[in-house]
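Bear in mind these aren't lab numbers, they're just calculated from the coordinates by the rules spelled out. Remember, it's a predicted structure, so these values are computed and weren't measured experimentally. Note: ideal-geometry Cβ built from the backbone for every residue, glycine included; neighbour counts use all protein chains shown.
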Amino acid sequence: MAKATKHDILNSFMELVEKEDFDRITVTSVVEECNISRQTFYYHFKDVKALLKWSVDFYSSEIVKKIPVTGTRKTVHAIFELPEKYMRFLRKILASSYREFIEDSIISGVERILSECARICGGLISSDEFLIKYNTYAIFGILTAVAEGKLAKGELPEKIASHIITE
């Protein structure tokens, strides 16, 4: 039940992000949207910031679960082919006062994805720590530019994959 409730809170949070500026979302608005008590919210999260961090960690973990053992091209594509709903979520967060806080979580998520790719796909992507960090920041910068509408997605995933994968 607790896991379902945590995901229910996340779904309600995502619905609120669709409707409002991120900086206006409060614990009260989340509990009202989710139809739960404040006590239930605080059982799962310390505050909205903790919910935000958990949501980014959850979605990056979902991408990690989908990493194909046979290669990483699909994983690189998955990072950039997030449903528009999540790109809007990212765009709103990046435009909020939480930008600096959430950048670290997104960077950690991308790094976790690339590290897991290196582990699972043995040799198709370098496991060198420096290269993983370098590629993490490159992907984060491009993902941010795409989310903010400063760069068209187009063929980016394939171009990036060809630079990261050592086939």
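Data overview
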quantity	calculated
Prolate/oblate/rounded label for the stretch 1-45 (Cα gyration tensor, a/c 1.5)	prolate
Pairwise centroid distance, computed over Cα atoms, of the stretch 87-116 with the stretch 1-45, Å	19
Positive-end extreme of charge dipole, the stretch 1-45 - chosen from T26, S12, H44 (charges on Cβ)	H44
Integer Hz, Karplus 6.51/-1.76/1.60 couplings in order for the stretch 101-117, x for Gly and Pro	4, 7, 4, 4, 5, 5, 4, 4, x, 5, 4, 4, 4, 5, 4, 5, 4
Phi-based couplings in Hz for the stretch 11-19 (Karplus 6.51, -1.76, 1.60; Gly and Pro marked x)	4, 5, 4, 4, 5, 5, 4, 5, 8
